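The block underneath contains the structure these notes are about, expressed in structure tokens.
The values are calculated or read from the model by the stated rules, or taken from the named source; none is laboratory data. Please read these numbers as outputs of a predicted model, since none were measured by experiment. Every residue, glycine as well, gets a Cβ built from its backbone with ideal geometry; the counts of neighbours run over all protein chains shown.
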Amino acid sequence: MTALLNVTKLSASYGDFRVLHGIDLTVERGGVTALLGANGAGKTTTLRALCGMIKHSGDVVFDGVDIARCATEDIARLGIAHVPEGRGTFIALTVEENLRCGAMTRKGRASIDDDIERAYHWFPRLKERCGQQAGTLSGGEQQMLAVARALMLRPKLMLLDEPSFGLAPIIVSELFSILRKVNEQEGVGMLIVEQNAALALELARQAFLIETGRILISGSVTEIRDNESIRAAYLGY
Amino acid sequence: MELLIQQLVSGVATGGIYACMALSIVMIYQAIHHLNFAQGEMAMFSTFIAWQLLQWGLPYWIVIPLTVAISFSGGIAIERIVIGPLGEAAVLSHAVVFIGLYAVINSLASFIWDFTTRPFPSPFGAGSQFGNLISNQQIGMIAVTLLVLALLYAFFRYTRVGLAMRAAAENPTSARLAGIRVGLMAALGWGMAAAVGSIAGVLIAPIVFLEPNMMLSILLYGFAGAVLGGLSNPAGAVAGGFAVGVIENLAGTYVPVIGSELKLPIALLLIVIVLVFRPTGLFGRTIVQRV
Ligand SMILES: Nc1ncnc2c1ncn2[C@@H]1O[C@H](COP(=O)(O)OP(=O)(O)OP(=O)(O)O)[C@@H](O)[C@H]1O
Ligand SMILES: [Mg+2]
């Protein structure tokens, strides 16, 4: 069985400014991979390149399909949900409409309605605000909405760009237990970028450490966590 | 009193047309954040097509849906061929393209149908109701515009495609990440704007008569309505369109210096006043965004 996501020699640039210099990365089926690195290392850029949002080269094979040259919307349609940096809220739409947008690639009104209830169950705060213009939500609430919207796609793979950003500690642990549940019960693969390395490594089985657009270290989470020097130098805990 | 009511009614009737034009303008503005100057010419061309079909002897009830369908396809074609490829080009590039579109459509109509001013038969017959208070044409205009507006409202509010179109217009990046085909949604928006414009053209043609420049002033009133109501708010633009129609009629009747000749500058004056004192328009939503 090949990996769910197999990335080889991924390079990406903004205009003429090259940010990624040939990155190799994998997410196993049903696996969680953490992508760690300092500010400006190229984590967000990696996720953007995977979704075809910026100019890039290299091979990206998802679920047996080469998506390196696919348009962003087609990549989403194949089952990749991206929780982007900056949340990507549809600010003029209501909270519920935001969730429905997340399910735009799906058919079947009943199952979509069920999933909206599921999202409200997981994030009760969103239920209280369901008819409200999403732009009026607090930053943390919008972050919950971004994760909930991505889940509405019923993805095979989630790309999570700092999902805990701006959330209160208690909400963060709730969020991660939800992600764990989705991963374990539904086998959804995840590629997760987190400033909070300890948190990400609790969920992940594999980790990649990126520095200025190159993978510095990769391996299983146990290897990385047990390596004192890596921990001290790069993970800061 | 009777004059007042008559003027109000006729203001609402023409206001409905302005509302349709304002709505087409806003629909496209929301999708691409540019004002389409060629909107009026597109509507004029559609009206000529309707006239041609009538000339060929087709009955009204076939001509209308056919015209709307042709206009819808035409709008999509314009977006796919001319506007889409422009992408995120600068304001000036868009302006140049719109002016080009304007000129091309206008000269094409003049070339095919020449400059003769032609009468356009009213689909609602000649008579009037309530002791000449309101003509059948006016009743028809009001009824049809209200129907069109209600259908559009329901479409954008309750259908998935409508939601996808709103999402694509508001945040293209997020829309793509959700799998929404943003380009297709923009094309649909152009098609729908063209279709609404064609209805406005056919409704107003019996009053202003048919000729290649018939929509010039209508478009200006439409702009006034859109600006008055707020370019960010379709419902506001519709209300603005009706308001402009009523203001235009009342001012033309009751302010002696204005008369019928100076009505058009009122539209311009309104645009300037609103832009100076309330750039978001009377009903412009300030969309809250946290950073
Ligand atoms: N839109 C852009 N245009 C030009 N350069 C950019 C753009 N976005 C990011 N960069 C550059 O690319 C590099 C990597 O940025 P990226 O956003 O991928 O970092 P990151 O690892 O996600 O950092 P952070 O942890 O701060 O989110 C940075 O040097 C940044 O300056
Ligand atoms: Mg980042």
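Residues in the range A:72-110 that are within 16 Å of B:Gly162 (Cβ to Cβ) and in contact with a Gly (Cβ under 8 Å, 6 or more places away or on another chain): A:Ala92, A:Thr94, A:Glu96, A:Met104.
Among residues of the range A:132-151 being hydrophobic (A, V, I, L, M, F, W, C) and more than 8 Å from chain B (Cβ to nearest Cβ), the one that is nearest to A:Glu85 (Cα to Cα) is A:Ala146. Among the residues making up the range A:31-67, those that are part of a strand (DSSP E or B), away from ligand 2 (no atom under 13 Å from the Cβ) and of a type in the set (A, V, I, L, M, F, W, C) are A:Val32, A:Ala34, A:Val60, A:Val61, A:Phe62, A:Val65.
Residues that are surrounded by fewer than 20 Cβ atoms within 10 Å (Cβ to Cβ) and within 16 Å of ligand 2 (Cβ to nearest atom) within the range A:137-161 comprise just one, A:Gly139.
Of all residues in the range A:98-117 being in a helix (DSSP H, G or I) and free of Cβ contacts under 8 Å to residues at least 24 places away in the same chain, which is nearest to the other protein chains (Cβ to nearest Cβ)?
In this case the residue turns out to be A:Arg109.
Number of residues in the range B:158-171 that are more than 26 Å from B:Gly40 (Cα to Cα) and more than 10 Å from chain A (Cβ to nearest Cβ) equals 2.
Of everything in the range B:169-178 that is small (Gly, Ala, Ser) and modelled with pLDDT of 95 or more, the residue that is nearest to the chain's Cα centre (by Cα) is B:Ala175. If you check A:Arg87, A:Arg154 for being away from chain B (no Cβ under 11 Å), touching a residue at least 40 places away in the same chain (Cβ under 8 Å) and part of a loop (DSSP other than H, G, I, E, B), only one passes: A:Arg154.
Report, by residue number, each residue of the range B:184-202 that is within 11 Å of chain A (Cβ to nearest Cβ) and buried (at least 24 other Cβ atoms within 10 Å of the Cβ). Selection gives nothing.
Taken over the range A:68-92, the criterion of being more than 16 Å from ligand 2 (Cβ to nearest atom) and buried (at least 21 other Cβ atoms within 10 Å of the Cβ) is satisfied by A:Thr72, A:Glu73, A:Ile75, A:Ala76, A:Ile80, A:Ala81, A:Thr89, A:Phe90, A:Ala92. A Cβ distance below 7 Å, combined with a sequence gap of six or more or placement on separate chains, defines the contacts here; from the range A:61-74, residues that are within 22 Å of B:Ala175 (Cβ to Cβ) and away from chain B (no Cβ under 11 Å) reach no residue that is part of a helix (DSSP H, G or I) and among the polar types (S, T, N, Q). Annotation: B:Arg181 fulfils all but one of (1) surrounded by fewer than 24 Cβ atoms within 10 Å (Cβ to Cβ); (2) under 17 Å from the mean Cα position of the chain (by Cα); (3) within 14 Å of another protein chain (Cβ to nearest Cβ); (4) not hydroxyl-bearing (Ser, Thr, Tyr); the unmet one is (2).
Figure legend. Inter-residue proximity from the range A:31-60: first residues at pLDDT below 95 and of a type in the set (Gly, Ala, Ser), second residues within 6 Å of ligand 1 (Cβ to nearest atom) and outside any strand (DSSP E or B), beta-carbon distance below 6 Å, spacing 6+ or different chains. Indicated pairs: A:Gly37/A:Lys43. Being away from ligand 1 (no atom under 16 Å from the Cβ) and closer than 18 Å to A:Phe90 by Cβ holds for only one residue in A:Leu145, A:Leu201, A:Leu157, and it is A:Leu145.
The single residue among A:Ile170, A:Ile112 that is more than 16 Å from ligand 2 (Cβ to nearest atom), surrounded by fewer than 21 Cβ atoms within 10 Å (Cβ to Cβ), more than 13 Å from the chain's Cα centre (by Cα) and over 24 Å from B:Pro172 (Cα atoms) turns out to be A:Ile170.
Condition check ((1) within 16 Å of ligand 2 (Cβ to nearest atom); (2) over 25 Å from A:Asp24 (Cβ atoms); (3) in the same structural domain as A:Arg18 (by TED's automatic domain parsing)) across all residues:
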| position | (1), (2), (3) |
| --- | --- |
| A:Phe165 | yes, yes, yes |
| A:Leu191 | yes, no, yes |
| A:Leu203 | no, no, yes |
| A:Arg214 | no, no, yes |
| A:Arg225 | no, no, yes |
